[in-house]
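Here is the structure we will look at.
The values are calculated or read from the model by the stated rules, or taken from the named source; none is laboratory data. The shown structure was predicted, so the numbers you read here are calculated from the model rather than taken from an experiment. Neighbour counts are summed over all protein chains in view; Cβ atoms, including those assigned to glycine, are modelled from backbone coordinates with ideal geometry.
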Amino acid sequence: MTKAISIKQIRTFLFFLSFLLLENTGLFCQRIIEIKFQQGDKNDYVFSAYNHAFCNYTLEIYFPLFTNVKADRPLPYKAEVKPGMNKLFTLLPVNPNVPVKFNYSSNNYKGCMHTVADTAFPYLLPIEPGKEAQVYELSNQNSWYGIRIKMKPGDTLYAARRGVVTEVLDGDTTNDAGVASAGHENYIEIVHADCSFGHYGILKRNGALVKPGQLVKAGQPIGLVGGDSYGRGSEVRFSVYYNQEADALQNRENSLKTSMIFVPFQCWTKNNGKGRLKHGAMYSSEFPLLIVNREEVKKIQKGKIKKKK
C-alpha cells in the first residue's frame, strides 16, 4: 500500500533540498580551495592551499602515484584550512639520486573536521525586537530542522548570533513572484564560533544589508524579507547546520562522504526565555544585552593596577 505524501511534506522537502543545491553554488565557476606546490633547491616539494572562502574548509589530499618520495606529515593528508593561504606539508626524496614521481587528488567540504555544535546556545529570534509573529517548525524525523516565521514584505531580518558572513545571494527575482517553488532562494549564510552555519531566507531581491567576509553582531540588521515565494505570504526561514564526515571509510573514487547535520537550536523570546519553539505558537522577539553580548570579545585595558592602601 502506497503511503500518501502531504503538500506540507513536499514543501518541507523542497525547502531542505534547496540547501543541497546552495552548497554547490559557485563550485563550478571557481575552485574554492586552490592547491599549489613549489619545488625547492633540495628537490623537495612544499604544498600549500589558498582558501577563497570566508570560513574553514576540511581538505584531504591523497597520492595515487607516490614513488621515491616521503612526506613530513601522515598521508593521506587531512586538515582544516583557514581563509587565505595555508602551508600544508613537504615531500622529500627518499633517494636523492633517483627521480621522484607523484600525482595527487583532493577533496574538501565546508566546515571543520570535528564540529561540536552548541545545542544549548540561546539564539535570538531573527526579527525586529518587540515584534510578535507566528512560528512554525520545519522538520522530518530529526534529519531536518528549521523554523519559518510569518512576516511582511520588506520587514527587517536580524542576525540571531554573532559570526562572519560566508555567502549572500539576493539577485533572484522569483522569490517575490508568488510562484509555487523558486527552485532556490535568496539567502544569507553566517558561520558561528562553533563552526556551525546559520541560514537566513527568504530575502527580497537586492535585500541584503551585509556582504561576504563581514563580521556581524547578534541582533544586527542583515537583510530585508522577500515576497510571496510559496503562496503563503512572506516569511523568514532560519536554520542552523554543519557538515561532518559521514563515514571514515572512503568509496572507490576516494571522495569524502559528508552529511549535513541540522541543529535543533533554542531561541530566546520575550516572556519565555530560552527554549525550543512550539509549532504554530506566537512569540515576541527580545534582544537582552546579556544574550546579544554573549560572544563579544572583551577588551582588556592595559595599565598598571593600583594597590589598595
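Is it the case, given these coordinates, that residue 188 is buried (at least 22 other Cβ atoms within 10 Å of the Cβ), without any contact (Cβ under 8 Å) to a residue 60 or more places away in the chain and under 13 Å from the mean Cα position of the chain (by Cα)? Yes: the conditions hold for residue 188. One residue stands out among those in the range 122-162 that are closer than 19 Å to residue 211 by Cα and small (Gly, Ala, Ser): the one that is modelled with the lowest pLDDT, which is 154.
Residue 71 fulfils the conditions (1) exposed (fewer than 12 other Cβ atoms within 10 Å of the Cβ); (2) touching a Leu at 6+ places or on another chain (Cβ under 8 Å); (3) closer than 15 Å to residue 47 by Cβ; (4) free of Cβ contacts under 8 Å to residues at least 40 places away in the same chain except for a single criterion, (1).
Please go through the range 220-244 and pick out each residue that is more than 15 Å from the chain's Cα centre (by Cα), crowded, with 22+ Cβ neighbours inside 10 Å and closer than 28 Å to residue 82 by Cα. Answer for the range 220-244, where residues must be more than 15 Å from the chain's Cα centre (by Cα), crowded, with 22+ Cβ neighbours inside 10 Å and closer than 28 Å to residue 82 by Cα: 222, 223. Within the range 241-257, being at pLDDT below 80 and in a strand (DSSP E or B) holds for no residue.
Out of 104, 123, I need the residue that is more than 20 Å from the chain's Cα centre (by Cα), outside any loop (DSSP other than H, G, I, E, B) and not hydrophobic (A, V, I, L, M, F, W, C). Which one? Among 104, 123, only 104 is more than 20 Å from the chain's Cα centre (by Cα), outside any loop (DSSP other than H, G, I, E, B) and not hydrophobic (A, V, I, L, M, F, W, C). Please go through the range 105-146 and pick out each residue that is within 21 Å of residue 199 (Cα to Cα), in contact with a Leu (Cβ under 6 Å, 6 or more places away or on another chain) and among the polar types (S, T, N, Q). Passing the criteria: only 108. Filtering the range 148-162 to residues that are outside any loop (DSSP other than H, G, I, E, B) and either among the hydrophobic types (A, V, I, L, M, F, W, C) or at positive phi (or both) leaves 149, 157. On inspection, residue 63 does not qualify as part of a strand (DSSP E or B), more than 14 Å from residue 107 (Cβ to Cβ), modelled with pLDDT of 95 or more and not assigned by TED's automatic domain parsing to the domain that holds residue 201. Close Cβ contacts (under 8 Å, 6 or more residues apart or on different chains) running from residues in the range 78-90 that are in the same structural domain as residue 104 (by TED's automatic domain parsing) to residues that are assigned to a loop (DSSP other than H, G, I, E, B) and among the polar types (S, T, N, Q) comprise 80/56; 81/56; 82/56; 83/56. Here residue 193 passes the criteria (1) at pLDDT below 95; (2) under 30 Å from residue 82 (Cβ atoms) except the one numbered (1). Against the criterion of being closer than 25 Å to residue 45 by Cβ, in contact with a Leu (Cβ under 7 Å, 6 or more places away or on another chain) and hydrophobic (A, V, I, L, M, F, W, C), residue 102 qualifies. Just to verify a result, which residue in the range 130-147, among those that are exposed (fewer than 15 other Cβ atoms within 10 Å of the Cβ) and in a loop (DSSP other than H, G, I, E, B), is nearest to the chain's Cα centre (by Cα)? Applying the filter and picking the extreme gives 143.
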